[in-house]
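Trainee: This is the structure I have questions about; it appears just below.
The values are calculated or read from the model by the stated rules, or taken from the named source; none is laboratory data. Bear in mind the structure is a predicted one, so any value in this text is a computation, not a measurement. Note that each Cβ is placed from the backbone with ideal geometry, even for glycine, and that neighbours are counted across all protein chains shown. To get the accessible areas, we keep the full protein, side chains included, count just its heavy atoms, and leave off ligands, DNA and RNA. Shrake-Rupley method; radii C 1.70, N 1.55, O 1.52, S 1.80 Å.
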Amino acid sequence: MSETPTMAELLGADTPSNWGKWGPDDEVGSLNYLDAAQVLRGAQHIRSGEVFPLQAAMGHPHGDPVFPGRESINRTVVWDESSWDEGKEGAPAFPGGLHYADDKAEIFLQGSTQYDALGHVWYDGQIWNGYDARSTVDDLSKASVQPIAERGVVGRGVLIDMARHRGKQWLDKGETFDHNDLEAAAQAQGVELGQRDILLIRTGFLTYFYETPSEEFYANFVEPGLTYSRELVQWFQDKEIPNLITDTIANEVTANPETGVLLPLHCALMRNLGVVLTEICILDKLADACAADNRWDFLYTAAPLNVVGGSGAPVNPVVIR
């Protein structure tokens, strides 16, 4: 191996793969695990009727949590009441005197709480299910976010609160955990991580973002989270996890602490297993409610915006307990 291995060298030729499992034309990967039985199973965990939207606000005064190189939403007001002030021209004149507000926005599709398309990342010239990476040129003609949006995501969700488990308000930069830690936290919470569960992990890192100056948050940027191992990938495969959801920007430790390789789990889980990744979810209120009555499972529902050819799209997931 080179000093910094390639993604293929790190993951190995025998890395677990679901390519072809759902046919040669599949574009939603492990979401196929969420059949009607899983939807009904998730609905059984609605007990109190509490509703928790999980999207981070877009256009927050503090700024929006985005991956370095991306920008917060840029929203522009087109029409408001001042548009009809005396002396101004161009405001529409509708019969009856209707006035209205209108605005537009320039956004990164992954600049808020969002779903990654399965074709969002790749290596060695192939994206999810073996499609040619040239299919991403100009837009994603294969494995875009659109099939996820058209399908929707519904099932039993389980929240693992790693920050609370470790007695912290938020995990430290670069702090790691693995599947064994997830199982230990689940046992401590008294909840079972079952087959085909939608996995939500709270690190508290978005709380840190909103309480910290931007310069400090992004200095030596490396998030806490899961870190790659072959055993971890096999655990996801064996558990048939369809969707990984976190309150971090990239769902994993930004750079593998042993090799320096950037975002290997995006490739091992998304590109190879078809596990759909959801990032930048606000989980604090949900975690507080779960801790208050010691119920950590619920119905999870989501559908990202339906963007043709999109590499991802904003979403406001809704949890019902």
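Trainee: What is the one condition in (1) in contact with a Gly (Cβ under 9 Å, 6 or more places away or on another chain); (2) in contact (Cβ under 8 Å) with a residue 40 or more places away in the chain that ILE160 does not satisfy?
Mentor: All conditions are met except number (1).
Trainee: Is one or more of the residues making up the stretch 120-129 out of contact with any Cys (no Cβ under 7 Å at 6 or more places or on another chain) and of a type in the set (Ser, Thr, Tyr)? Write out each step before concluding.
Mentor: We begin by selecting, within the stretch 120-129, every residue out of contact with any Cys (no Cβ under 7 Å at 6 or more places or on another chain); these are 120, 122, 124-129.
With the extra rule that they be of a type in the set (Ser, Thr, Tyr), the set shrinks to none.
The answer is no; no qualifying residue exists.
Trainee: While we're here: Give the residue that is nearest to PRO317 (Cα to Cα), with candidates limited to residues of the stretch 195-216 that are free of Cβ contacts under 8 Å to residues at least 40 places away in the same chain and surrounded by 14 or more Cβ atoms within 10 Å (Cβ to Cβ). Outline the logic, then answer.
Mentor: At the first step, the residues of the stretch 195-216 found to be free of Cβ contacts under 8 Å to residues at least 40 places away in the same chain are 208, 211-213, 215-216.
Keeping just the survivors that are surrounded by 14 or more Cβ atoms within 10 Å (Cβ to Cβ) gives 208, 212.
Numbers: TYR208: 21, THR212: 25 Å.
If we take residues in the stretch 195-216 being free of Cβ contacts under 8 Å to residues at least 40 places away in the same chain and surrounded by 14 or more Cβ atoms within 10 Å (Cβ to Cβ), then TYR208 is nearest to PRO317 (Cα to Cα).
Trainee: What's the total number of residues in the stretch 92-131 that are more than 21 Å from the chain's Cα centre (by Cα) and under 27 Å from ILE73 (Cβ atoms)?
Mentor: Filtering the stretch 92-131 for residues more than 21 Å from the chain's Cα centre (by Cα) gives 92-105, 124-126, 130-131.
Those still in the list that are under 27 Å from ILE73 (Cβ atoms) too: 92, 99-105.
The number of residues fulfilling the criteria is 8.
Trainee: LEU140 fails exactly one of the following numbered conditions: (1) part of a helix (DSSP H, G or I); (2) under 18 Å from VAL307 (Cβ atoms). What is the number of that condition?
Mentor: Only one criterion in (1) part of a helix (DSSP H, G or I); (2) under 18 Å from VAL307 (Cβ atoms) is unmet by LEU140, namely (1).
Trainee: Now for a different question. LEU232 fails exactly one of the following numbered conditions: (1) open to solvent by 40 Å² or more (accessible area, probe 1.4 Å); (2) within 14 Å of LEU10 (Cα to Cα); (3) part of a helix (DSSP H, G or I). What is the number of that condition?
Mentor: (1)
Trainee: Out of all the residues in the stretch 258-281, is one or more surrounded by 21 or more Cβ atoms within 10 Å (Cβ to Cβ), farther than 30 Å from GLU9 by Cα and in contact (Cβ under 8 Å) with a residue 40 or more places away in the chain?
Mentor: yes
Trainee: Same structure again: Restricting to strands (runs of 3 or more DSSP E) lying wholly in the stretch 11-115: which have 2 or more residues that are open to solvent by 30 Å² or more (accessible area, probe 1.4 Å), at pLDDT 95 or above and in contact with a Ser or Thr (Cβ under 8 Å, 6 or more places away or on another chain)? I'd like the intermediate steps shown before the answer.
Mentor: Details: elements: 51-53, 74-79, 102-106.
Result: 102-106.
Trainee: Answer yes or no: is there a residue in the stretch 169-179 that is part of a helix (DSSP H, G or I), open to solvent by less than 40 Å² (accessible area, probe 1.4 Å) and aliphatic (A, V, I, L, M). Even if it seems obvious, please write down each step before you answer.
Mentor: The initial filter retains those residues of the stretch 169-179 that are part of a helix (DSSP H, G or I), namely 179.
When the remaining residues are screened for being open to solvent by less than 40 Å² (accessible area, probe 1.4 Å), the result is 179.
Subset that is aliphatic (A, V, I, L, M): none.
Within the stretch 169-179, none of the residues are part of a helix (DSSP H, G or I), open to solvent by less than 40 Å² (accessible area, probe 1.4 Å) and aliphatic (A, V, I, L, M).
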